[in-house]
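The values are calculated or read from the model by the stated rules, or taken from the named source; none is laboratory data. Computed from a prediction, not measured in an experiment: that's the story for all the values here. Don't worry about glycine lacking a Cβ; one is built from the backbone with ideal geometry, like all the others, and counts go over all protein chains shown. With ligands, DNA and RNA removed, areas are computed over all heavy atoms of the protein, side chains included. Shrake-Rupley method; radii C 1.70, N 1.55, O 1.52, S 1.80 Å.
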Amino acid sequence: MTIDHCDARFKTLFDPVAIGPVTAPNRFYQVPHASGATNANPRVRAGLRAVKAEGGWGVICTGACSIHPSCDDAPLPFATLWDDDDIRAHALMTDAVHEHGALAGVELFHGGGGVLNRQTRLPALTPSGKGWSSNHSVFMSPGRPRGMDAADLKDLVRWQAAAAKRAKQAGFDIIYVYAGMGYLPHEFLLPEYNERKDAYGGSMENRVRIIREMLEATRDAVGDNVAVALRISLEELLTRPGTTMETEAHEAVSLLSPHTDLFDVKMDSSPTDCGPSRFVPEASHERMAGFVKSCTDKPVVGVGRFTSPDTMVSQVRRGVLDFIGAARPSIADPFLPRKIREGREDEIRECIGCNMCIANWHEGVLVRCTQNPSFGEEWRRGWHPEKVKPAGSKDRVLIVGGGPAGLECALTLGRRGYDVAVADARAEMGGRVLFESALPGLSAWRRVIDYRLGRLKVMPNVELYPGSELDAAQILEFGFERVVLATGAAWAPALFTKMEIAGEVLDHPNVFTPSDLAAGARPEGPVVVLDYDFHVMGGVLAEQIAAAGQPVTYVTPAGGASAWTINANEQIYVHQRLHEVGVPIRTLECVSAFDGAEATLGDMLTDRETRIPCRSLVIVGLRRQNSGLYDALEDRQTDWADAGIRTVERTGDALSPGAIAHAVFYGRATAEAMDGPSFLTFRRDGPFHTPPERNGNAMIAAMAV
Ligand code: ADP
Ligand code: SF4
């Protein structure tokens, strides 16, 4: 990697930094983060981590890796190092990371009362029998943890040591003890969860004891050539005055400092640690991480959705952090360090803070990214964030629609070497993102089009034609060999019935959809926003309408506002914001009738009906593909050959309406599949199996992939 073109201001980001006995080649540290890939997807997992090492990250860590079956986070995806059979799956990743000169770290993890062992059915363990998130996590459970006895404490330390040994065998350079986010060692730090009367409860020295023992056992297990790291949440402790120091957080860091080679600091809960950009700005962790270096001489890594090299350098220069930690920015742009190093900062694909990534993990599937559609597809589909395969023909491609799908499709095709023209009816390219990024708090979403337009504008083989609405006759006249329709989708004013399907379409002049609002409609109050989309749109429109001074009521058939966004760590903030701006939230209700003066709200579970004043009804629910142009071209299929057209296909929301992340993915997929296999095909990953002689069941092993 050349450093020749690196801006002098940013050179410190490329200083090597020692972590105990190992040395990171630079300050770019991909902290542990969920990928959705478990030991059952070892090749997918190795692929997505390796590409970040290739992109210049100096340290690449796993996501949470359970040390024992008493830590079973199902249905959330997690890795394991439960026995020697798990080693091979991890070695695939460490080998791939080492190939690019990066260090590999493993986040060994025991979830305590934050996991409830739904699969293994072992008792969940906590310091005193009080569970962390059993009642308010995405997945609730009636299971409850039990308090640990002295034997359990010894077991925990033993499990950590055994897993650490396996981690070393797998080739990891940095081995974690994880005392954060309500997981077991973190629960010991907080008196609310730790009511113990023995040497592990009470004073701060006692409350850190189990963490100290786990750190010591890890070091004893792995010897001198592997670093031991501590990941710790300090948000709550920082609010509590200490006995010997300013706060309990200061005391915890000071007490544990001699026993770790690195502090990886994070917030206490997923919504504060990984908050959406709509509510949580870049570098927001500094309020918590800022003090740590004053209490230790060990290197400190922290996160903050850093995408600006100036902010990164400022964190280092001001002594806040030694390592620039990143989860989301490294997902959105695995090549971020390399781009800074090569003086190509303007090519960084900045994370937009939409939290689709964490949302996918909360849905129990592979993490995917709005900005980087190749994430998780490196091995499965052979996609790369920066490289593409060459064009398969000399065909020229016309893309109709310059939204996220059309622009991503154009970018990938342009990189492949095709001659591409993008036409959009509007004066400005960007499609849905133009409207959505102008909604309260969503300006960072504009990065989706800014990044793509920035790249497209310097590509000589791509032409952009804003202000060009096309019909079928014109497309036939132009005679491009390939036509891609990225014409988007429109919101429909359909009601939601108790059968939980979109019902009757309301034809009333005072009924609006987000498409109407995007086109400039301004509903008069009192307004009712009916949201059965459950993503961001309903809540943010209610906020915007309230901010414009109109009385507005938010109604949803779900149990909370913007219900799906609990997955994106956003729902709690949506409720807070709607409360702040005075929007009543009515849940488990739907609109059954509207006459321009009143809306009738029906309870979802009973026959109860209520009428409330409503002059305008905004319905956020059903989206339908814009397929008029596609249908018109299909009708004229017999003319295609004479016009020179070989294929006409749809992409993005015109293919299947969804979030921006889906549109970008389809745009990439359409471009990847041109003159090649359909994107519907991909490689299936599978676990490395226990050898038959070990599990005694040759038939099961032989049947496996
Ligand atoms: P996606 O999310 O799939 O990219 P968008 O709705 O963001 O979809 O973008 C679709 C774009 O297609 C819009 O900017 C719209 O102006 C454009 N469009 C739709 N129909 C036509 C057409 N007939 N001619 C030119 N542009 C069109
Ligand atoms: Fe950032 Fe969104 Fe990608 Fe997550 S999904 S890394 S928040 S752009």
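Just a few scattered comments:
- None of 368, 380, 396 is within 16 Å of ligand 1 (Cβ to nearest atom) and at negative phi except 368.
- Residues in segment 666-684 that are in contact with a helix residue (DSSP H, G or I) (Cβ under 8 Å, 6 or more places away or on another chain) and either open to solvent by less than 20 Å² (accessible area, probe 1.4 Å) or within 16 Å of ligand 2 (Cβ to nearest atom) (or both): 666, 667, 668, 670, 671, 672, 674.
- Scanning segment 520-530 finds one or more residues that are surrounded by fewer than 17 Cβ atoms within 10 Å (Cβ to Cβ) and either touching a Ser or Thr at 6+ places or on another chain (Cβ under 7 Å) or on the phi > 0 side of the Ramachandran plot (or both).
- Just one of the listed residues (658, 676, 667) is part of a helix (DSSP H, G or I) and either under 24 Å from residue 411 (Cβ atoms) or modelled with pLDDT of 95 or more (or both), namely 667.
- Within segment 58-72, the residues that satisfy the criterion of being outside any strand (DSSP E or B) and either under 19 Å from residue 221 (Cβ atoms) or open to solvent by 10 Å² or more (accessible area, probe 1.4 Å) (or both) are 67, 68, 69, 70, 71.
- Of all residue pairs spaced 6 or more apart or on separate chains, those with beta-carbon atoms under 7 Å, a first member in segment 268-281 that is over 18 Å from residue 326 (Cβ atoms) and a second member that is open to solvent by less than 20 Å² (accessible area, probe 1.4 Å) and within 16 Å of ligand 1 (Cβ to nearest atom) are 278/442.
- Among residues of segment 226-270 being open to solvent by less than 20 Å² (accessible area, probe 1.4 Å) and touching a His at 6+ places or on another chain (Cβ under 7 Å), the one that is modelled with the lowest pLDDT is 267.
- Residue that is farthest from residue 442 (Cα to Cα), among those in segment 312-370 that are in contact (Cβ under 8 Å) with a residue 60 or more places away in the chain and of a type in the set (Gly, Ala, Ser): 343
- Candidates 161, 150, 167: the one that is farther than 26 Å from residue 567 by Cα, open to solvent by 30 Å² or more (accessible area, probe 1.4 Å) and not basic (Lys, Arg) is 150.
- Matching residues in segment 99-114 - criterion: being free of Cβ contacts under 8 Å to residues at least 60 places away in the same chain and not acidic (Asp, Glu): 100
- Test result for residue 349, touching an Asp or Glu at 6+ places or on another chain (Cβ under 6 Å) and either surrounded by 24 or more Cβ atoms within 10 Å (Cβ to Cβ) or aliphatic (A, V, I, L, M) (or both): yes
- Among the residues of segment 83-130, those identified as under 14 Å from residue 163 (Cβ atoms) and surrounded by 21 or more Cβ atoms within 10 Å (Cβ to Cβ) are 86, 89, 90, 105, 106, 107, 108, 109, 110, 111.
- Of all residues in segment 545-567, those satisfying the criterion of being crowded, with 18+ Cβ neighbours inside 10 Å and touching a residue at least 40 places away in the same chain (Cβ under 8 Å) are 545, 553, 555, 557, 564, 565, 566, 567.
- Any pair with Cβ under 6 angstrom, 6 or more apart, that starts in segment 145-168 at a residue that is without any contact (Cβ under 8 Å) to a residue 24 or more places away in the chain and ends at one that is open to solvent by 40 Å² or more (accessible area, probe 1.4 Å): 146/123
- Qualifying residue in segment 14-34 (condition: of a type in the set (D, E, K, R) and open to solvent by less than 20 Å² (accessible area, probe 1.4 Å)): no
- Test: residue in segment 287-305 that is away from ligand 1 (no atom under 16 Å from the Cβ), small (Gly, Ala, Ser), touching a Leu at 6+ places or on another chain (Cβ under 8 Å) and at pLDDT 90 or above: yes
- Of all residues in segment 612-665, those satisfying the criterion of being buried (at least 24 other Cβ atoms within 10 Å of the Cβ), more than 9 Å from ligand 1 (Cβ to nearest atom) and β-branched (Val, Ile, Thr) are 618, 619, 620.
- Any strands (runs of 3 or more DSSP E) falling wholly within segment 240-355 and containing at least 2 residues that are away from ligand 2 (no atom under 16 Å from the Cβ), of a type in the set (Phe, Trp, Tyr) and at negative phi: none
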